[in-house]
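Step one of this worksheet: look at the structure below.
The values are calculated or read from the model by the stated rules, or taken from the named source; none is laboratory data. All of these numbers come straight from a predicted model, not from anything done at the bench. Here the Cβ is made from the backbone with ideal geometry for all residues, glycine too, and neighbour counts use every protein chain on show. Protein only, heavy atoms only, side chains kept; ligands, DNA and RNA dropped before computing areas. Shrake-Rupley method; radii C 1.70, N 1.55, O 1.52, S 1.80 Å.
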Amino acid sequence: MDLLSDFPPFEDEELRLALADAELPSLLPAIAHLTGDTAVLADLLRPAVNSTPLGLEPQGGLSAEAQDLARKHAFEALRSWNSQGRPDRRGNGAVELEPILEFITGPADADSVALHMSQLGLGGETSWTKAAVAPDREFKVVVIGAGMSGLAAAYRLRQAGVEFVVLERNTDVGGVWLENSYPGCQLDTSNFSYSYSFAQQASWQYQYSRRDSILAYFQRFASDQALRDHILLGCEVSAARYDEATATWQVTYTDPDGSVRRMTANVVVSAVGQLNKPSYPNVPGRETFAGGSWHTARWDHQTDLRDKRVAVIGAGASAFQVVPEVAGEAEHLTVFQRTPPWIMPTPTYHSLLKPGLRWLFQHIPDYHRWFRFYQFWVSVEGRRKYAVVQPGWAKRDSVSPENEALRDGLAGYLEREFADHPDLLAKVVPDYPPYAKRMLRDDGRWAETLKRDDVTLVDDAISKITPAGVVTADGSLHEADVIIYGTGFAASEFLVPMEVSGRGGVLLHEHWGGEARANVGVTVPQFPNLFLLYGPNTNLVVNGSIVLFSEAEVDYVMACLQEILAASAGAMECRAEALEKFYARVDEASGRMAFGVAGVNSWYKSASGRVSQNWPLSTLEFWQRTRRPDPDDYILEVRHD
């Protein structure tokens, strides 16, 4: 049997100390996987499935006695494995892993097990290659964007041996993580989940990593997987036109020298995402401001904020992270809040992972995978029940008993944080249901910042901006030297400002008419061989990881390409009736979620008020829908060459 020489031997006392910091619900399955001995998976050590309104109970809800027993079993098993020279007994098939997975998940059907196996990331290869399906056919894919989704598409295309080029407007890969360099920028989901299932790493230092760590992860991935040879940087796409005569796309872009160029491809994959076009408030006089101003996504690193009066407009995700950083630098900070966010208390939000846990990741094979899987499992559907509307529920600030319990818990947190500042408390408690808008994470810094003498929270509406500062509806002028816009993105304006023309010259944005829709979030009728990643209704709010969804969408695109090549087809086009059937289900489901409640504005919705961003159904359903395209949903065209 092979020995795991890459994992260093350790002393008993090192192990004992590290186990004090272990997350036990994921460590025990990791040990069973490593040793092949499932004795550590005793029923009394099984983690609780359901979370409390304010999140998971520590250690899966295990009692102190059960935790002690789990550590005892873990110590004995790992001590024995270490003394034997660290043998590799891991079995990575469903037969070996399903019983271990079910220690966490409980009994699962075949589709669920397939989803769970994918999240462990122990497979990783595509199921087909172009050489096997259509070896003699010239076939090229253009991917627009080298962010998280674009790199995932590039990875799978390279695996399948499909010729491709990635056009990226920026000077490096990374997408939003390259563009958003504002102070305090970091994840508000676990970085273990915000990483590819097929490129997991054990070396994370934080649970919620800083921007630089996430950017480095994607940049390193592009280099390690030899994707950079396929990426043209500094190339911004302005137009894509479908040529019916040849069943090809003509993609127009500007290269780094400013020259306009065109590229022909059989397929276009848009990976430009939803959060790439900064949105500015429609406030009179904004262009007259005499000082410096910028959006958080276009941070001005040349301007020194020391000794300056700074205004931050917005209190959403980006502003929420910026404000505590700027407050320690500016002479005075004024925060203009239109709507207060609900805040999920997260004591470890800015904390390093415990040293013992990081030690275990480096010394115990695949423990980081099981840790990631547990993070996935507890979020995949566990929070969804708190966002589902109960029919007939009459309260305005909640949508169900579960949602009300969550609201009470979140409001209680704010009441404790602002108990000594009732004037601020009145401004920071939302009057809408939790999950109607994006929920943010906090470890106490928000309250600490707003309580500072040099910080003012203003919740009066802004009436105009003058050369001297911001004027609110009560007529007050709030003088400022710098204005920072933390006002989010034009999320519902998919593929703007590109001009995309499909069959018969129909323009995509005119075709949508302000209501972006795509079958499974990926394909659009009248636009053959155009595939969208992170498209309409594929954003996540309460269930799962956006990386999981992007991977699933890439799988769907790859399955579509396989269909095209296997059938020797020229193009694949979504049927209009398939789109209507899909949205009959999606729109109805959106109306049963907190974020679909009428009267609550958010970036989740289009201008009409329809939810155009979010996926309202289960993660498993999306996973099932993206395994293969339904043949009844598509028309395969005969090739013209």
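Descriptive notes on the structure:
- Restricting region 115-163 to residues that are open to solvent by 10 Å² or more (accessible area, probe 1.4 Å) and among the aromatic types (F, W, Y), the residue that is nearest to F531 (Cα to Cα): Y155
- Region 469-492 - residue that is surrounded by fewer than 19 Cβ atoms within 10 Å (Cβ to Cβ) and outside any strand (DSSP E or B) and, of those, modelled with the lowest pLDDT: A490
- Put simply, of K385, K354 the only residue that is among the basic types (K, R), under 23 Å from the mean Cα position of the chain (by Cα), within 28 Å of S118 (Cα to Cα) and open to solvent by 50 Å² or more (accessible area, probe 1.4 Å) is K385.
- In region 78-100, the condition of being over 23 Å from L3 (Cβ atoms), in contact (Cβ under 8 Å) with a residue 40 or more places away in the chain and assigned to a helix (DSSP H, G or I) is met by at least one residue.
- Residues of region 147-177 that are within 17 Å of Y253 (Cβ to Cβ) and among the β-branched types (V, I, T): V165, V166, T171, V173.
- Selection of strands (runs of 3 or more DSSP E) fully inside region 192-276 by the criterion of at least 3 residues being open to solvent by less than 50 Å² (accessible area, probe 1.4 Å), modelled with pLDDT of 95 or more and not charged (D, E, K, R) returns 236-243, 248-254, 267-270.
- Residues located in region 537-548, provided they are under 27 Å from L508 (Cα atoms), open to solvent by 20 Å² or more (accessible area, probe 1.4 Å) and assigned to a loop (DSSP other than H, G, I, E, B): L540, V541
- Members of region 558-575 that are under 29 Å from the mean Cα position of the chain (by Cα) and either in a helix (DSSP H, G or I) or at pLDDT below 95 (or both): M558, A559, C560, L561, Q562, E563
- For region 101-113, the set of residues classified as open to solvent by 10 Å² or more (accessible area, probe 1.4 Å) and in contact (Cβ under 8 Å) with a residue 40 or more places away in the chain consists of T105, G106, D111, S112, listed by residue number.
- Enumeration of residues in region 1-52 that are surrounded by 18 or more Cβ atoms within 10 Å (Cβ to Cβ) and hydroxyl-bearing (S, T, Y): S26, T35
- For region 53-69, the candidate set comprises residues that are under 30 Å from R441 (Cα atoms) and part of a helix (DSSP H, G or I); within that set, the residue that is most open to solvent (accessible area, probe 1.4 Å) is P58.
- In region 396-445, the residues that are over 26 Å from Q186 (Cα atoms), assigned to a helix (DSSP H, G or I) and in contact (Cβ under 8 Å) with a residue 40 or more places away in the chain: E402, N403, A405, D408
- First in region 366-395 and farther than 20 Å from G61 by Cα and of a type in the set (D, E, K, R), second anywhere and open to solvent by 30 Å² or more (accessible area, probe 1.4 Å) and outside any loop (DSSP other than H, G, I, E, B), Cβ under 9 Å, 6 or more apart: K395/E404
- For region 194-229, a residue qualifies if it is aromatic (F, W, Y) and under 15 Å from the mean Cα position of the chain (by Cα), and the qualifying residues are Y194, Y196, Y208, Y217, F218.
- When we screen S270, S279 for residues that are under 30 Å from E138 (Cβ atoms) and among the small types (G, A, S), the only hit is S270.
- Boolean, R585 is of a type outside the set (D, E), modelled with pLDDT of 95 or more and part of a loop (DSSP other than H, G, I, E, B): no
- From the list F10, F75, the lone residue that is touching a residue at least 60 places away in the same chain (Cβ under 8 Å) and not in a helix (DSSP H, G or I) is F10.
- Residues being farther than 20 Å from V176 by Cα and without any contact (Cβ under 8 Å) to a residue 40 or more places away in the chain - total across region 223-242: 2
- Test for L115: is it more than 30 Å from A330 (Cβ to Cβ), at pLDDT below 95 and touching a helix residue (DSSP H, G or I) at 6+ places or on another chain (Cβ under 7 Å): yes
- The set of residues in region 79-100 being within 23 Å of S195 (Cβ to Cβ), open to solvent by 20 Å² or more (accessible area, probe 1.4 Å) and either modelled with pLDDT of 95 or more or charged (D, E, K, R) (or both) consists of R90 alone.
- Close pairs from region 193-222: first within 20 Å of D6 (Cβ to Cβ), partner open to solvent by less than 20 Å² (accessible area, probe 1.4 Å) and in a strand (DSSP E or B), Cβ under 7 Å, at least 6 apart: none
- Against the test of being in contact with a Gly (Cβ under 7 Å, 6 or more places away or on another chain) and surrounded by fewer than 23 Cβ atoms within 10 Å (Cβ to Cβ), the options S279, S318 yield a single qualifying residue, S279.
- Test: residue in region 323-345 that is part of a strand (DSSP E or B), more than 30 Å from P58 (Cβ to Cβ) and open to solvent by 60 Å² or more (accessible area, probe 1.4 Å): no
- Residue match in region 524-536 (condition: free of Cβ contacts under 8 Å to residues at least 60 places away in the same chain, buried (at least 24 other Cβ atoms within 10 Å of the Cβ) and more than 30 Å from A394 (Cβ to Cβ)): yes
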